[in-house]
Amino acid sequence: TKSTQEDAGRTMLGKYGRHYVVPSWRLFDATGLSVGKLASNLARYLQGKHKPNYEPSQMNGDYCVVINTRYIQFRGENKWRRKKYYHNSGYPGGLKINPAYLVHRNDPTYVLRRAVRGMIPKGRHRYWMMRFL
(Lines give C-alpha, C1' and ligand atoms only; values in the text may rest on other atoms or scores of the structure.)
Protein backbone atom coordinates (compact mmCIF):
# COMPACT_ATOMS: atom_id res chain seq x y z
CA THR A 1 0.00 0.00 0.00
CA LYS A 2 0.99 3.60 -0.36
CA SER A 3 1.31 4.33 3.38
CA THR A 4 3.70 1.42 3.82
CA GLN A 5 5.93 2.74 1.04
CA GLU A 6 5.99 6.23 2.57
CA ASP A 7 6.92 4.95 6.04
CA ALA A 8 9.58 2.56 4.76
CA GLY A 9 12.47 5.03 5.07
CA ARG A 10 11.39 6.72 8.30
CA THR A 11 12.73 6.00 11.75
CA MET A 12 10.16 5.23 14.39
CA LEU A 13 10.47 7.74 17.23
CA GLY A 14 8.75 5.74 19.90
CA LYS A 15 5.86 6.84 22.02
CA TYR A 16 7.17 10.34 22.83
CA GLY A 17 8.33 11.46 19.42
CA ARG A 18 10.70 14.27 18.55
CA HIS A 19 8.83 17.06 20.37
CA TYR A 20 9.45 15.93 23.95
CA VAL A 21 13.25 15.97 23.79
CA VAL A 22 14.27 18.85 26.06
CA PRO A 23 17.84 18.67 27.36
CA SER A 24 18.44 19.77 30.92
CA TRP A 25 21.67 20.78 32.64
CA ARG A 26 23.39 18.54 35.19
CA LEU A 27 26.27 19.50 37.48
CA PHE A 28 28.79 16.89 38.68
CA ASP A 29 31.50 17.40 41.29
CA ALA A 30 34.50 15.17 40.54
CA THR A 31 36.26 15.65 43.88
CA GLY A 32 37.50 12.27 45.11
CA LEU A 33 35.53 10.25 42.54
CA SER A 34 36.90 7.44 40.42
CA VAL A 35 37.45 8.21 36.74
CA GLY A 36 35.64 5.09 35.53
CA LYS A 37 32.57 5.41 37.74
CA LEU A 38 32.10 9.08 36.95
CA ALA A 39 32.67 8.47 33.23
CA SER A 40 30.06 5.72 33.11
CA ASN A 41 27.51 7.98 34.83
CA LEU A 42 28.30 10.83 32.45
CA ALA A 43 27.98 8.53 29.42
CA ARG A 44 24.55 7.43 30.66
CA TYR A 45 23.30 11.01 31.02
CA LEU A 46 24.83 12.14 27.71
CA GLN A 47 23.05 9.33 25.86
CA GLY A 48 19.75 10.02 27.61
CA LYS A 49 19.36 6.51 29.01
CA HIS A 50 17.91 7.92 32.23
CA LYS A 51 14.86 9.29 30.38
CA PRO A 52 11.74 7.29 29.56
CA ASN A 53 11.90 8.49 25.93
CA TYR A 54 15.34 7.00 25.24
CA GLU A 55 15.90 6.25 21.57
CA PRO A 56 19.37 5.16 20.42
CA SER A 57 18.94 6.97 17.10
CA GLN A 58 17.93 10.30 18.68
CA MET A 59 19.94 12.92 20.55
CA ASN A 60 17.99 13.20 23.79
CA GLY A 61 20.77 13.44 26.36
CA ASP A 62 21.43 16.18 28.88
CA TYR A 63 24.16 18.79 29.13
CA CYS A 64 26.70 17.70 31.76
CA VAL A 65 29.04 20.12 33.51
CA VAL A 66 31.87 18.65 35.58
CA ILE A 67 33.73 20.75 38.13
CA ASN A 68 36.91 20.00 40.13
CA THR A 69 38.35 17.53 37.64
CA ARG A 70 41.75 18.39 39.08
CA TYR A 71 40.87 16.28 42.15
CA ILE A 72 39.72 13.16 40.32
CA GLN A 73 41.21 9.80 41.33
CA PHE A 74 42.11 6.48 39.79
CA ARG A 75 41.35 3.31 41.70
CA GLY A 76 44.35 1.06 41.87
CA GLU A 77 47.94 1.05 42.97
CA ASN A 78 50.14 3.58 41.16
CA LYS A 79 47.78 3.87 38.18
CA TRP A 80 48.71 7.49 37.49
CA ARG A 81 52.15 6.27 36.39
CA ARG A 82 51.14 2.95 34.81
CA LYS A 83 48.33 4.19 32.57
CA LYS A 84 49.60 5.49 29.24
CA TYR A 85 47.94 7.64 26.61
CA TYR A 86 49.06 7.09 23.01
CA HIS A 87 48.93 9.54 20.14
CA ASN A 88 50.38 9.08 16.67
CA SER A 89 50.88 11.92 14.23
CA GLY A 90 50.89 9.53 11.29
CA TYR A 91 54.51 10.20 10.39
CA PRO A 92 57.26 7.61 10.91
CA GLY A 93 58.44 7.87 14.50
CA GLY A 94 55.48 10.08 15.40
CA LEU A 95 54.19 7.95 18.28
CA LYS A 96 53.86 9.92 21.51
CA ILE A 97 53.38 8.06 24.79
CA ASN A 98 52.48 10.03 27.92
CA PRO A 99 51.67 8.71 31.39
CA ALA A 100 48.38 9.76 32.93
CA TYR A 101 49.90 12.06 35.54
CA LEU A 102 51.59 14.21 32.87
CA VAL A 103 48.44 14.39 30.76
CA HIS A 104 46.41 15.29 33.86
CA ARG A 105 48.92 17.95 34.87
CA ASN A 106 48.69 19.65 31.46
CA ASP A 107 44.90 19.36 31.05
CA PRO A 108 42.86 18.07 34.04
CA THR A 109 39.78 17.47 31.88
CA TYR A 110 41.46 15.30 29.23
CA VAL A 111 41.58 12.09 31.28
CA LEU A 112 37.84 12.26 32.01
CA ARG A 113 36.87 13.31 28.47
CA ARG A 114 38.86 10.43 27.02
CA ALA A 115 37.21 7.94 29.40
CA VAL A 116 33.71 9.22 28.59
CA ARG A 117 34.44 9.16 24.87
CA GLY A 118 35.36 5.49 25.12
CA MET A 119 32.09 4.66 26.88
CA ILE A 120 29.79 6.37 24.37
CA PRO A 121 28.68 4.28 21.38
CA LYS A 122 30.80 4.76 18.31
CA GLY A 123 29.00 6.51 15.49
CA ARG A 124 27.79 9.81 14.20
CA HIS A 125 26.13 10.85 17.47
CA ARG A 126 29.33 10.56 19.52
CA TYR A 127 30.64 13.89 18.26
CA TRP A 128 27.47 15.67 19.37
CA MET A 129 27.28 13.85 22.69
CA MET A 130 30.81 14.94 23.51
CA ARG A 131 29.84 18.53 22.80
CA PHE A 132 27.18 18.20 25.52
CA LEU A 133 29.95 17.46 28.04
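The values are calculated or read from the model by the stated rules, or taken from the named source; none is laboratory data. The model shown is predicted, which means the values in this text are computed figures rather than measured ones. Just the protein is used for accessible areas: all its heavy atoms, side chains included, with ligands, DNA and RNA removed. Shrake-Rupley method; radii C 1.70, N 1.55, O 1.52, S 1.80 Å.
Could you do me a favour and compute the accessible area per residue for the stretch 30-133, 1.4 Å probe, result in Å²?
Values: 6570 Å² over 104 residues.
I get 63 Å² per residue for this part.
In whole percent, how big is the carbon plus sulfur part of the accessible area of the stretch 77-133, probe 1.4 Å, protein atoms only? Could you put the intermediate results ahead of the total?
Numbers: 2260 of 4320 Å².
Heavy-atom surface of the stretch 77-133 belonging to carbon and sulfur, 1.4 Å probe: 52 percent.
With Rg and the Kirkwood Rh both taken from Cα atoms, where does Rg over Rh land for the stretch 54-133?
Details: Rg = 15.2 Å, Rh = 14.7 Å.
Rg divided by Rh gives 1.03.
On full extension of the chain, what length is gained from R105 through M130, given 0.36 nm per residue of separation minus the C-alpha to C-alpha distance? Walk me through the intermediate numbers first.
Details: separation 25, 0.36 × 25 = 9.00 nm, distance 2.16 nm.
Length gained between R105 and M130: 6.8 nm.
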Contour excess over end-to-end distance, with Cα ends at N53 and Y85 and 0.36 nm allotted per residue: 7.9 nm
